[in-house]
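Contents: one structure, followed by commentary.
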Amino acid sequence: MPLTPELQSIVDAFQNEKIVALLAPSFPVDFSYPEIIINLKMLGIQKVVELTYAAKLIDEEYEKILKANPDKQYICPNCPTIVMMINAKYPELKEYIINVASPMVVMNRFVKKEYGPDYKTIFIGPCLAKKMEAKHYDIDYAITFKELQDIFDYNKENNIAPKEFTYSVTEDGTPDFDKFYNDYTKVYPLAGGVATTIHIKGVVQKEQVIIADGPANLDAAFQEFKNNKNIRFLDILACEWWCIGGPGMMSKAPLEEKKQRVLAYKQYCRKDKIWSKFGKFEYAEGLDITR
Ligand code: SF4
């Protein structure tokens with residue numbers, strides 16, 4: 001099957017431009033690690049990074065804001081569908097959206113600072129709404145996991161030769177991401193990914209957090225947030241089953257199986273000792289992480 005014009009132009013960019021892939025943390029549901037890294041590099045992508053370092057930066061900022069403003073309520077804006085819904089249906093809640101950009105946006109800014117202006121970026125994830133967010137925040141390309149698979153299939157069917165590439169390795173020689181961090185934020189695409197990774201113990205109590213997902217539950221979550229001023233934080237994602245239920249995912253596996261794939265990958269990566277050297281906040285000194 002031919003590629004869509006959008007995908008064809010992206011494949012052409014892989015041949016002619018220097019590109020960094022920003023891979024969403026739900027990737028283990030649809031693709032195997034470390035094969036995904038090699039497969040992306042064979043397309044002509046120079047560097048492949050996870051969003052986990054950006055998630056760590058975001059976590060730190062949330063923690064600071066929540067601690068500094070003990071009487072305020074906040075809504076997490078990581079899901080662009082939620083932001084659109086607030087703008088359209090609950091404009092009175094706009095003021096509660098925390099002023100921190102999403103992991104995709106922060107990671108885009110970070111890699112452009114780190115690798116320089118010659119590099120373009122492509123976000124690859126489970127989300128259609130991220131395509132609009134990507135345009136708004138100068139991410140050069142955005143595709144879904146399904147679309148990435150279409151590109152892999154097209155190249156295979158048409159015997160397109162892989163590009164030459166280099167890749168990073170872990171201490172045991174396994175192909176690795178061109179990474180900056182490897183830790184707990186790999187659970188971001190799961191329920192309450194933000195609420196469970198920000199260090200707000202003693203600042204926000206469990207009963208002051210609402211974790212919600214899925215079209216059937218969004219209105220009730222917004223109403224509860226509005227009515228109960230004791231709620232400090234609304235961690236909300238539009239898709240049923242969070243980002244691992246996003247429309248751009250391929251897997252039709254049951255929820256528990258998808259979830260286990262993300263958790264198993266997180267567990268697997270703990271063996272990678274190299275990570276202890278990464279993830280310092282000073283790497284991102286001066287980086288704008290506001291929305
Ligand atoms: S919950 Fe769905 S719409 Fe929201 S960011 Fe995740 S995949 Fe995108």
From 68, 134, 129, 88, residue being surrounded by 22 or more Cβ atoms within 10 Å (Cβ to Cβ) and not polar (S, T, N, Q): 134
Scan of the stretch 1-42 for residues that are surrounded by fewer than 21 Cβ atoms within 10 Å (Cβ to Cβ) and in a loop (DSSP other than H, G, I, E, B), ordered by number: 1, 2, 3, 4, 17, 32, 33, 34
Selection within the stretch 112-154 - modelled with pLDDT under 95 and β-branched (Val, Ile, Thr): none
Residue within the stretch 197-205 that is under 15 Å from residue 234 (Cα atoms), modelled with pLDDT of 85 or more and not in a helix (DSSP H, G or I) present: yes
Every residue from the stretch 231-260 that is part of a helix (DSSP H, G or I) and within 16 Å of the ligand (Cβ to nearest atom): 242, 243, 244, 245, 255, 258, 259
Residue match in the stretch 209-230 (condition: in a loop (DSSP other than H, G, I, E, B), under 23 Å from residue 124 (Cα atoms) and either within 14 Å of the ligand (Cβ to nearest atom) or at pLDDT 90 or above (or both)): yes
Residues within the stretch 101-152 that are out of contact with any strand residue (DSSP E or B) (no Cβ under 9 Å at 6 or more places or on another chain), outside any helix (DSSP H, G or I) and either in contact (Cβ under 8 Å) with a residue 24 or more places away in the chain or within 19 Å of residue 237 (Cβ to Cβ) (or both), tallied: 3
Which listed residue is within 16 Å of the ligand (Cβ to nearest atom), of a type in the set (Gly, Ala, Ser) and in contact with a Lys or Arg (Cβ under 9 Å, 6 or more places away or on another chain), from 101, 13, 21: 101
Any hit, the stretch 19-39, residues being out of contact with any Gly (no Cβ under 9 Å at 6 or more places or on another chain) and within 16 Å of residue 141 (Cα to Cα): yes
Residue within the stretch 173-191 that is modelled with pLDDT of 90 or more, outside any strand (DSSP E or B) and either among the hydrophobic types (A, V, I, L, M, F, W, C) or away from the ligand (no atom under 16 Å from the Cβ) (or both) present: no
Residues of the stretch 87-100 classified as among the aliphatic types (A, V, I, L, M), part of a helix (DSSP H, G or I) and touching a residue at least 60 places away in the same chain (Cβ under 8 Å), total: 1
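The values are calculated or read from the model by the stated rules, or taken from the named source; none is laboratory data. Because the structure is predicted, anything quoted here is derived from the model rather than measured. Here the Cβ is made from the backbone with ideal geometry for all residues, glycine too, and neighbour counts use every protein chain on show.
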